[in-house]
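Novice: Handing you a structure now.
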Amino acid sequence: MNIAQLQKDLVAYALEIGVDKIGFTTAAPFLELKNRLKRQQDLGYQSGFEESDVEKRTEPALLLDRAESIISIAVAYPSKMTDAPKGKKGERRGMFCRASWGTDYHTVLREKLALLEEFLHERSSEVKTRSMVDTGELADRAVAERAGIGWSAKNCSIITPEFGSYVYLGEMITNLPFEPDVPMENQCGECTLCLDACPTGALIQGGQLNAQRCIAFLTQTKQPIPEEFRKEVGNRIYGCDTCQTVCPKNKRKYNLDQESFVPEAELVKPLLQPILKLSNLQFKETFGHMSGSWRGKNPIQRNAILALAHFKEEAAIPDLVELLETDPRPMIRHTCAWAIGEIGSETGRLTLERVVETETEDTVVEEIKKAVMKMAVTE
């Protein structure tokens, strides 16, 4: 088998099927990453969504027998939306981050990796492969960095010269000894715009993120968001793009070529109040094809409540009152109590004073009392 020719043919095929960038690296251990991940664990900075076994995250040989190389792919996603709907009083809108526009990227990249695997298996009966996207054991960004896709930036994203940091990443471990590409030189320089702009100070320093403070992480949790972060969430109902939108390397990187990721404007900037009334089935039918739906409707509804509080949307008070009085989920009642206190209507205050007498969840009772006190002070 002519490995060099196979690698050349694979690159050409990858571009043909819509992979925007492809790179290669060895299957050697990611030793520097291993040390960094262990420090993150010790500091309590990890999100809990990632693979907990540091060895599996950094030792490709544990994931595929006789692993020789790793193929890294990048697919660009759009940063710009045409004809975005605008919210107004009485019709406030939330926002899904750009990484949730269009079809779920896990599906799209897995399909492309499956085609690449098929390409290799058709040319060799002895080839072994294992692919993963985001939820696999390997750290996508570490693989992409070493494979020359881009450099690991201060905002903890991979930045490519062609597409900025608006790229999805995936990888395939193989037992074929492909020629590795050369890693790219870091081009962040002295710039600290992403660190300065992070709403919650989650970027501790260049390349180090405390996920527990990151809005992108917080919008995906299934508990009440800590009070210190609630106002910072703004109208984000999934994810956060701030550290990318301020990056000079992303200027004029619109990436509008991938049909799969063309945003449906009414879905990525949805009206907030209708979200509060969605059933599980309605949520899946409406948002289920988007990556931002993966945690289900509860976090999205909680975030929509925070967004209505952000706008101080008095028209939402009847919906919030209904949820506070009837919703079986403590997290939703908890968030409604806080939101009503932030919006500050007389109807809301009277409801809080009444409901506190019958509420059985201690954390919700505490939130109601705090909201009543806040409203009394601001009267």
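The values are calculated or read from the model by the stated rules, or taken from the named source; none is laboratory data. This one's a predicted model, so the numbers in the text were calculated from it and none came from an experiment. Counting neighbours? That spans all protein chains shown, and the Cβs are built from the backbone with ideal geometry, glycine included.
Novice: Looking at (1) surrounded by fewer than 19 Cβ atoms within 10 Å (Cβ to Cβ); (2) modelled with pLDDT of 95 or more; (3) not in a helix (DSSP H, G or I), which is the only condition Arg130 fails?
Specialist: (1)
Novice: Within the stretch 89-108, does at least one residue satisfy the condition of being in contact with a His (Cβ under 7 Å, 6 or more places away or on another chain) and over 23 Å from Lys249 (Cα atoms)?
Specialist: Within the stretch 89-108, one or more residues are in contact with a His (Cβ under 7 Å, 6 or more places away or on another chain) and over 23 Å from Lys249 (Cα atoms).
Novice: Related question: Of the residues that sit in the stretch 298-342 and are of a type in the set (S, T, N, Q) and within 19 Å of Leu271 (Cβ to Cβ), which one is surrounded by the most Cβ atoms within 10 Å (Cβ to Cβ)?
Specialist: Per the criteria, the residue is Asn303.
Novice: For the stretch 151-177, what are the residues that are in a loop (DSSP other than H, G, I, E, B), of a type outside the set (D, E, K, R) and over 29 Å from Asn2 (Cβ atoms)?
Specialist: Result: Ala153, Asn155, Cys156, Ser157, Pro161, Phe163, Ser165, Tyr166.
Novice: I'd like the residue in the stretch 1-30 that is among the polar types (S, T, N, Q) and closer than 15 Å to Ala139 by Cα and, out of all such residues, is surrounded by the fewest Cβ atoms within 10 Å (Cβ to Cβ).
Specialist: Step by step, filter the stretch 1-30, then rank; the result is Thr26.
Novice: Please work out which residue is farthest from Pro177 (Cα to Cα), limiting yourself to the stretch 1-40 and to residues that are over 29 Å from the mean Cα position of the chain (by Cα) and of a type in the set (A, V, I, L, M, F, W, C).
Specialist: Ala12
Novice: If you don't mind, there's one more thing I want to ask. Tell me which helices (runs of 4 or more DSSP H) are completely within the stretch 273-365 and hold 1 or more residues being touching a residue at least 24 places away in the same chain (Cβ under 8 Å) and over 22 Å from the mean Cα position of the chain (by Cα), or say none if there are none.
Specialist: In the stretch 273-365, the matching helices (runs of 4 or more DSSP H) lie at 297-310, 317-326, 330-343, 346-355.
Novice: Pull out all pairs, ordered by first then second residue, where Cβ-Cβ is under 8 Å, the residues are six or more apart or on different chains, the first lies in the stretch 64-84 and is over 24 Å from Thr25 (Cα atoms) and modelled with pLDDT of 95 or more, and the second is of a type in the set (Val, Ile, Thr) and surrounded by fewer than 24 Cβ atoms within 10 Å (Cβ to Cβ).
Specialist: Pro78/Val262; Ser79/Thr245
A quick yes/no check of all residues on (1) out of contact with any helix residue (DSSP H, G or I) (no Cβ under 7 Å at 6 or more places or on another chain); (2) outside any helix (DSSP H, G or I):
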residue	(1), (2)
Asp9	yes, no
Val19	no, yes
Lys34	no, no
Leu37	no, no
Asp42	yes, no
Ala61	yes, no
Ile70	no, yes
Arg110	yes, no
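Novice: Moving on to the next point. When Cys188 is evaluated against the numbered criteria (1) touching a strand residue (DSSP E or B) at 6+ places or on another chain (Cβ under 8 Å); (2) surrounded by fewer than 23 Cβ atoms within 10 Å (Cβ to Cβ); (3) assigned to a strand (DSSP E or B), which criterion, by number, is the only one it fails?
Specialist: So Cys188 meets the others, but not (3).
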